[in-house]
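Chemist: Below you'll find the structure I mean.
The values are calculated or read from the model by the stated rules, or taken from the named source; none is laboratory data. Every value quoted in this text rests on a predicted model; they were computed, and no experiment measured them. Backbone-built Cβ (ideal geometry, glycine too); neighbour counts: all protein chains shown. Side chains included, ligands, DNA and RNA excluded: accessible areas come from the protein's heavy atoms. Shrake-Rupley method; radii C 1.70, N 1.55, O 1.52, S 1.80 Å.
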Amino acid sequence: MNGPPGPAGPVIRVQDLRKTFRVALHHRGALGAVRNLVERRFKEVRAVDGIGFAIQRGEMVGCLGPNGAGKSTTIKMLTGILTPSGGDVEVLGLSPQRKRKEVAARIGVVFGQRTQLWWDLPLIESLDLLRYVYRVPAERYRRNLDTFRALLDLDSFLNTPVRQLSLGQRMRGDLAASLLHDPEILYLDEPTIGLDVVAKHRMRDFLREINRERGVTVLLTTHDMADVEQLCSRLLIVDRGRLLYDGSLREIRDRLGTERTLVVDLTSGEGLDGSLNVPNAREVRADGPRRWLRFDRKDTTASDLIAAVASRYRLQDLTIEEPEIELIVRRIYEKGLDLTVPVKSAGATL
Amino acid sequence: MAVIFETGGIYRRLIGAHLRSQMQHKVSFVLRTLGTFAANFFDFAGIAVLFGRIPQLSGWSLPEVALLYGISSLCFATAELFGGALDNFDTVILQGTFDRVLLRPLDALFQVLTEEFALRRLGRMAQGGLVLGIALAQLPVSWTAGKVLFLAISLVSGTALFLGIFVLGAAYCFWIVQGKEATHVVTYGGDFMSNYPMDIYSHWLKRFATFVLPIGFVSYYPSLYLLERSDPFGLPDWFRLMGPVAAAAVCLAAWCAWRGGVSQYQSTGS
């Protein structure tokens, strides 16, 4: 493990965290523009409304939630960018606001939407500058740079100005940049957004590696259920500024994500009129030979359903779509989340 | 001491990075430098032409006004050289790049200052220095060691005063993002004011420039001392030496405003 062995206990501790933004309301029209000058009205928006959790050293935690749920605002308070309106934040035992510089030296941050690199300079120059900004000893810098060059395959674009990099290359550059100073915690805000499948895989492999080999605690926000599935043992679901769920992925799946969709491509010219008729599933969408069949894992398993479809129709191809996070969050709202009820045996899953 | 050297080293590296970025757009850089130089040349030429018509301005001769102009121009250009980034701070806030600043283990204001080194301001510094040199050569000042030292201190404190005003203007952006025009009234307005003897201004403006936003301490009060003129407002003689105090007060206010601004920075939505 890198960095000083911190005190026992959580590396991130958040209690009743709140952030309220004041948004100016504008009067409309020409007269309104004049009124705006003399009279300013504000609306209070509660972006984060009483969130609490603790993360232990070495954990890898995914934070899921729809747009505007408060994920980014929470990360920004954890990193010291924003000052909370209420509640407590402690990162590595320090307040990220009062001890911003100390905390900044021990964390790494990657924002998927925005680069931390110098836009007009070659990637290697950004990395070299950060070495001085973070006061990384020369020997350690060289060792880390060698590691990341190999792991992230940076060599082919190390001398290219950042503005000319593809999104995937830029993200790899940003990842290397965020880890040069051996941070104890790595925050990632939407790290896979806009990346293609190969780039996403590479990113996830890398994150697993640094978590395992370097013991870096990882907290990432995402829209992509697959990020959480493949990386995180623990999941936080946030919506409308509140923490809806804090626990394992499997549990939430079993409890709420029981409906999945089987997408089948039929061989054309056969049974293409009307909807498919398969027990334990209903067709929710049709597009020529491609059909979407929704099924509940309480009623049938994916393999049984595929067998049932295959016995009636000639299949060309199939995929299974997992429930969207938006859908899960909506279900939590509709049905509530009662964690006192034990999970029923969900049966075999594919 | 080691800290100062280290900070200086980081400053040099970050400024170097900025200049290399800027050189990616060479034509724009050259044109802007030439433009700045030309604009400033005509600026003082205008004042000189004015004196072709009138021998004195509220009792101040051309070389005396040149002294005012030279000091204030040199101070303002030096402040802009180091604090040029503060003038674009509204876009830093709007684009959310200030997030990046807060993620790094260095002082936030220090980092913002490293994002611009307005080399084109060298043109204006040269012009200011030239006017100041000509003024000093023509004025019958009886130079003492004290006066030379005082002039040097005045140049430093005048620069610090302008820098403080720039920081105040930037801090204002934390509250009112589109506040740049209001800021310019104070920065460029202050620069303009200190090019002329305060005798020509109305009473309330003089008070404002002395006690509220002490622009008068950039060039006017120091010039009163150097030229051994009496104070038309009847203020005691020691008052004209208070430039460093005024600069320190402005910088302190600027630092507090900056700290307050950072703590209520709202970032951008996402």
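Chemist: Assuming R0 = 41 Å, can you tell me the calculated FRET efficiency for the pair A:Asp128 and A:Arg28, based on Cβ-Cβ distance, to the nearest 0.05?
Modeler: After rounding to 0.05, the efficiency reads 0.20.
Chemist: Taking 7 Å along the Cα-to-C-beta vector as the label spot, tell me the B:Ala253-A:Arg294 distance in nanometres, rounded to one decimal.
Modeler: 6.4 nm
Chemist: Report the net charge of residues surrounding B:Asp90, where surrounding means a beta-carbon distance below 14 angstrom and charges are Lys +1, Arg +1, Asp -1, Glu -1.
Modeler: Summing Lys/Arg as +1 and Asp/Glu as -1 gives -3.
Chemist: Cut-off 10 angstrom, C-alpha nodes, Gaussian network model of chain A. Which of A:Gln97, A:Gln316, A:Gln56 fluctuates the most?
Modeler: Result for chain A, Cα springs under 10 Å: A:Gln316 fluctuates most.
Chemist: State, as an integer percentage, the relative contact order of the range A:90-167 based on alpha-carbon contacts under 8 Å between residues 6 or more apart.
Modeler: 34 percent
Chemist: Can you compute the charge dipole magnitude of the protein assembly as shown about its Cα centre, using +1 on each Lys and Arg Cβ and -1 on each Asp and Glu Cβ, nothing else charged? Give it in debye, rounded to the nearest 20.
Modeler: 580 debye
Chemist: Given bins 5 angstrom wide, list per bin the percent of all Cα-Cα distances in the range B:167-270, short to long.
Modeler: 2, 11, 19, 21, 16, 11, 8, 6, 3, 1, 1, 0, 0
Chemist: Starting from the Cα of B:Trp143, step 7 Å toward the Cβ, then list every residue of the range B:45-64 with an amide N under 19 Å from that point.
Modeler: In the range B:45-64, the label zone of B:Trp143 (backbone N under 19 Å from the point 7 Å along Cα→Cβ) covers B:63-64.
Chemist: Mind checking the alpha-carbon convex hull of the range A:258-322 and giving the volume per residue in Å³?
Modeler: Considering the Cα atoms of the range A:258-322, their hull volume per residue is 70 Å³.
Chemist: Another question, if that's okay. How big is Rg to Rh over the range B:117-216, alpha-carbon atoms, Rh as the Kirkwood inverse-mean-distance radius?
Modeler: Here Rg/Rh amounts to 1.01.
Chemist: Continuing with the same structure: Would you please classify the overall shape of the protein assembly as shown from the alpha carbon gyration tensor, given that a ≥ b ≥ c denote the square roots of the eigenvalues, rounded means a/c under 1.5, and beyond that prolate means a/b larger than b/c while oblate covers the rest?
Modeler: Prolate, since a/c reaches 1.5 and a/b exceeds b/c.
Chemist: Please compute the Cα-Cα pair-distance distribution of the range B:21-116 with 5 Å bins starting at 0, giving whole percents from short to long.
Modeler: Distribution as computed: 2, 10, 14, 16, 14, 12, 10, 8, 6, 4, 2, 0 percent.
Chemist: Contact order normalised by length for chain B, with contacts defined as Cα pairs under 8 Å and 6 or more residues apart; what percent is it?
Modeler: RCO, chain B: 26 percent.
Chemist: Determine the shape class of chain A: with a ≥ b ≥ c the square roots of the Cα gyration tensor eigenvalues, call it rounded for a/c under 1.5, and otherwise prolate if a/b is greater than b/c, oblate otherwise.
Modeler: prolate
Chemist: In units of 2.2 N^0.38 Å, what is the alpha-carbon radius of gyration of the range A:181-240?
Modeler: For the range A:181-240, the normalised Cα radius of gyration is 1.11.
Chemist: Could you give the angle, 0 to 90 degrees to the nearest 10, between helix A:138-152's Cα long axis and the longest principal axis of the Cα atoms of chain A?
Modeler: Roughly 20 degrees between the two axes.
Chemist: Given a Förster radius of 30 Å and the C-beta distance between A:Arg114 and B:Val156 as r, what FRET efficiency does 1/(1 + (r/R0)^6) yield to the nearest 0.05?
Modeler: 0.20
Chemist: Specify the inter-centroid distance of the range A:99-130 and the range A:224-243, based on alpha-carbon positions, in whole Å.
Modeler: A separation of 25 Å, based on Cα centres.
Chemist: Give the shape of the range B:1-160 as rounded, prolate or oblate, defined through the alpha-carbon gyration tensor: a ≥ b ≥ c are the square roots of its eigenvalues, a/c under 1.5 means rounded, and otherwise the shape is prolate if a/b is larger than b/c and oblate if not.
Modeler: Cα axes put the range B:1-160 in the prolate bin.
Chemist: Just add up the charged neighbours of A:Ser126: K/R +1, D/E -1, any other residue whose Cβ is under 13 Å from the Cβ of A:Ser126.
Modeler: Residues close to A:Ser126 contribute a combined charge of +4.
Chemist: Next question. Beyond a 30 Å Cα-Cα separation, which of these cross-linked pairs lie in this structure: B:Lys147/B:Lys206; A:Lys19/A:Lys298; A:Lys71/A:Lys200; A:Lys71/A:Lys101; A:Lys76/A:Lys200; A:Lys19/B:Lys180?
Modeler: A:Lys19/A:Lys298, as the Cα separations exceed 30 Å there.
Chemist: Over the Cα atoms, compute the radius of gyration (one decimal) and Dmax (the largest Cα-Cα distance, rounded to a whole number) for the range A:1-123, in Å.
Modeler: Considering the range A:1-123 through its Cα atoms, Rg and Dmax are 18.8, 63 Å.
Chemist: Give me the accessible area buried between chains B and A, both sides summed, with a 1.4 Å probe, in Å² rounded to the nearest 100.
Modeler: 2900 Å²
Chemist: Relative to the compact globular guide of 2.2 N^0.38 Å, what is the alpha carbon radius of gyration of chain B, as a ratio?
Modeler: 1.06
Chemist: At a threshold of 8 angstrom on Cα-Cα distance, excluding pairs fewer than six apart, so keeping six or more, what relative contact order does the range A:258-322 reach in percent?
Modeler: This gives 49 percent for the range A:258-322.
Chemist: Just to be sure I follow the definition: excluding the sites themselves, where is the longest run in chain A that has none of the GluC sites (Glu not before Pro) in a DSSP loop with at most 15 other Cβ atoms within 10 Å?
Modeler: Within chain A, the longest run free of exposed GluC sites (Glu not before Pro) spans A:40-269.
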